[in-house]
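Visitor: Provided herewith is a single structure, encoded as structure tokens, for subsequent inquiry.
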Amino acid sequence: SKSLSDEENLKLFGKCNNPNGHGHNYKARLLISLLFSLQIDPVSGMVINLTDLKEYMQEAIVEPLDHKNLDKDVPYFAEVVSTTENVAVFIWENLKKLLPMGTLYKVKVYETDQNIVVYKGEETISE
């Protein structure tokens, strides 16, 4: 964090505090809400076309984040600390712009098998 001293960063982030950065292979899972207010298309039988969803995910997640140094290559993280929590917020905000209103239920980001963040808009739950 640019807001902290070197000592404070080391204490807070431990081994993840590396002046040259460090990497993760994040996994993200998305749940599309089948709310009662959403209509299932009677012809397709879908709330959202999975081909469209794949394109939205490509635009909102893969293109801006895949194989990138978050702190150096993604403008959003120039001023926001690139924690798993903030990665989940970034994904949520990008997808929310593309998906039909009310369809995004939650974003689940796996930093590791044990470090998982679930984000539901303004409500954040760590698992």
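Visitor: Among what's in region 24-59 and is in contact with a helix residue (DSSP H, G or I) (Cβ under 9 Å, 6 or more places away or on another chain) and within 16 Å of residue 84 (Cα to Cα), pick the residue that is modelled with the lowest pLDDT.
Guide: Here the answer is 30.
Visitor: Something else: Do you know which residues across region 48-65 are open to solvent by 80 Å² or more (accessible area, probe 1.4 Å) and either touching a strand residue (DSSP E or B) at 6+ places or on another chain (Cβ under 8 Å) or of a type in the set (Asp, Glu) (or both)?
Guide: 55, 59, 63
Visitor: I'd like to verify a number: residues in region 54-88 that are in a helix (DSSP H, G or I) and in contact (Cβ under 8 Å) with a residue 24 or more places away in the chain, how many?
Guide: 13
Visitor: Kindly indicate the residue of region 89-127 that is hydroxyl-bearing (Ser, Thr, Tyr) and in a loop (DSSP other than H, G, I, E, B) and also nearest to the chain's Cα centre (by Cα) among those meeting that condition.
Guide: Ranking the qualifying residues of region 89-127, first place goes to 112.
The values are calculated or read from the model by the stated rules, or taken from the named source; none is laboratory data. A quick note: this is a predicted structure, and the numbers were derived from the prediction, not measured. A quick note on method: Cβ atoms are made from the backbone with ideal geometry, for glycine too, and the neighbour counts reach across all protein chains shown. Accessible surface is based on the protein model in full, side chains and every heavy atom, while ligands, DNA and RNA are left aside. Shrake-Rupley method; radii C 1.70, N 1.55, O 1.52, S 1.80 Å.
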